[in-house]
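The values are calculated or read from the model by the stated rules, or taken from the named source; none is laboratory data. Remember, predicted model here, so these are calculated numbers, not experimental data. Cβ atoms come from the backbone with ideal geometry, glycine included; neighbour counts cover every protein chain shown. Side chains are part of the model used for accessible areas, which takes the heavy atoms of the whole protein and leaves out ligands, DNA and RNA. Shrake-Rupley method; radii C 1.70, N 1.55, O 1.52, S 1.80 Å.
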Amino acid sequence: ATLNGSSLNVSQLPIGGPYQFGYTVVDAGCGNVSAVVFLTATDFPEAGSGTTLTLCSNGPQVDLFAALGGDPDLGGTWTGPGNVPHNGIFVPGSEPDGNYTYTVVGTAPCGNASAVINITVNDPPNAGANGVLLACDTLTALSLFNALQGSPQTGGTWEDLDGSGGLTNGSLNTTGIAPGEYYYRYTVSVAGCGNATALVKVP
């Protein structure tokens, strides 16, 4: 252990004890006076470090302990949003978003240690289903989104798969496109869930 004057770096002591540290006052006329301090080192609790998880509602369950950073101690307890006890296995789609806290109880005089995992759960993307759009070659702003089937989400991106040159942000200008069959891909991305795609064919 490192002893600097009267200051001690306890973190360098092995856990346990008690360890004896003597203090002596020397007086040339009166002699020496000594006192002994007995010190016991207690292990400081380690809960690891928290993180943020973005998951998909149809994704697999997550072992929250494995998501902690650092070197957390085993044997702690988990609580979910509202300080409700939790088993540490998060099931997307059936449990609420929010903060999940891992707590390791300290031994006096050490306090407790805790780490928080903030969880956000998103629904999977929906790009709709493939569609076909018949169009005249005189249209300057034809919306491809309206050709998608099902219930596609807005806010996705479009890709001109055949290089027709008439696509701008989901709007198709047919006036400069040669007659033919063209495919356009719509992609919706959701954090934690990946992508979904659908095609629109313009014959």
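Taking the criterion of being open to solvent by less than 60 Å² (accessible area, probe 1.4 Å) and farther than 20 Å from P109 by Cα, the residues of region 35-53 that qualify are A35, S49, G50, T51, L53. Under 36 Å from the mean Cα position of the chain (by Cα) and either basic (K, R) or surrounded by 11 or more Cβ atoms within 10 Å (Cβ to Cβ) (or both), is that true of V202? No: the conditions fail for V202. Of the residues making up region 133-160, those that are surrounded by 12 or more Cβ atoms within 10 Å (Cβ to Cβ) and under 14 Å from L199 (Cβ atoms) are L133, L144, F145, A147, L148, Q149, P152, G156, T157, W158, E159, D160.
Just give me the residues in region 100-149 being more than 28 Å from N83 (Cα to Cα), of a type in the set (G, A, S) and either part of a strand (DSSP E or B) or free of Cβ contacts under 8 Å to residues at least 24 places away in the same chain (or both), in sequence order. Passing the criteria: A129, G131, S143.
Residues that are more than 15 Å from the chain's Cα centre (by Cα) and surrounded by 13 or more Cβ atoms within 10 Å (Cβ to Cβ) within region 56-79 comprise P72, D73, G76, T77, W78, T79, listed in sequence order. Evaluated against (1) closer than 21 Å to A108 by Cα; (2) at pLDDT 80 or above; (3) of a type outside the set (S, T, Y), F21 falls short on exactly one condition, (2).
Would a scan of region 107-115 turn up a residue that is more than 30 Å from F44 (Cα to Cα), open to solvent by less than 40 Å² (accessible area, probe 1.4 Å) and at pLDDT below 95? No, there is no match, as no residue in region 107-115 is more than 30 Å from F44 (Cα to Cα), open to solvent by less than 40 Å² (accessible area, probe 1.4 Å) and at pLDDT below 95.
Out of everything in region 38-61 that is in a loop (DSSP other than H, G, I, E, B) and closer than 30 Å to L8 by Cβ, what residue ends up being modelled with the lowest pLDDT? Among them, the one singled out is T42. Considered as a group, the residues in region 179-199 that are more than 21 Å from P125 (Cβ to Cβ) and open to solvent by 60 Å² or more (accessible area, probe 1.4 Å) include one that is modelled with the highest pLDDT, and that residue is E181.
Among the residues of region 164-178, is any part of a strand (DSSP E or B) and either open to solvent by less than 30 Å² (accessible area, probe 1.4 Å) or on the phi > 0 side of the Ramachandran plot (or both)? Yes - at least one qualifying residue is present in region 164-178.
N32 falls short on exactly one of the conditions (1) assigned to a strand (DSSP E or B); (2) open to solvent by 60 Å² or more (accessible area, probe 1.4 Å); (3) touching a Gly at 6+ places or on another chain (Cβ under 9 Å); (4) farther than 30 Å from N122 by Cα, and that condition is (3).
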